């Protein structure tokens, strides 16, 4: 157990029509303070998106999610939020919001390898 580290994750959701409160999962954000890891993985299923709404283009969602990745990675183009500490970036990305890209409540866990855990959670809840 001593070689496992705590982590938190949130599921990323697309909400094409916020007023209808319908969503589908498109990604995962995972943070481990002890391993100094913050990762994001996402993929939009275009068929699902079209089933929810045909009014918004796939490119719009990809642009939003790419901005989340820039923040997650701490890239200069991630703006002021991208310059924050890992934990602050995770909290900002996982914060409750009422936009077309949302995240679930955060969930805790233990992991040997945060990157592998990110991949496993992504496969389980998104693919």
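The values are calculated or read from the model by the stated rules, or taken from the named source; none is laboratory data. Treat the numbers as computed from the prediction; the structure is a model and nothing was measured. Virtual Cβ from ideal backbone geometry, glycine too; neighbours counted across all protein chains shown.
Points to keep in mind about this one:
- Within the option set 34, 2, being touching a strand residue (DSSP E or B) at 6+ places or on another chain (Cβ under 7 Å) and on the phi < 0 side of the Ramachandran plot holds for one residue only, 34.
- Once region 66-92 is narrowed to residues that are in contact (Cβ under 8 Å) with a residue 40 or more places away in the chain and buried (at least 18 other Cβ atoms within 10 Å of the Cβ), the residue that is farthest from residue 125 (Cα to Cα) is 89.
- Across region 99-106, a minimum of one residue is classified as at pLDDT below 90 and surrounded by fewer than 19 Cβ atoms within 10 Å (Cβ to Cβ).
- Residue match in region 51-59 (condition: farther than 30 Å from residue 2 by Cα, buried (at least 16 other Cβ atoms within 10 Å of the Cβ) and out of contact with any strand residue (DSSP E or B) (no Cβ under 9 Å at 6 or more places or on another chain)): no
- Note on region 10-50: among residues that are out of contact with any helix residue (DSSP H, G or I) (no Cβ under 6 Å at 6 or more places or on another chain), crowded, with 19+ Cβ neighbours inside 10 Å and modelled with pLDDT of 95 or more, the one that is farthest from residue 89 (Cα to Cα) is 26.
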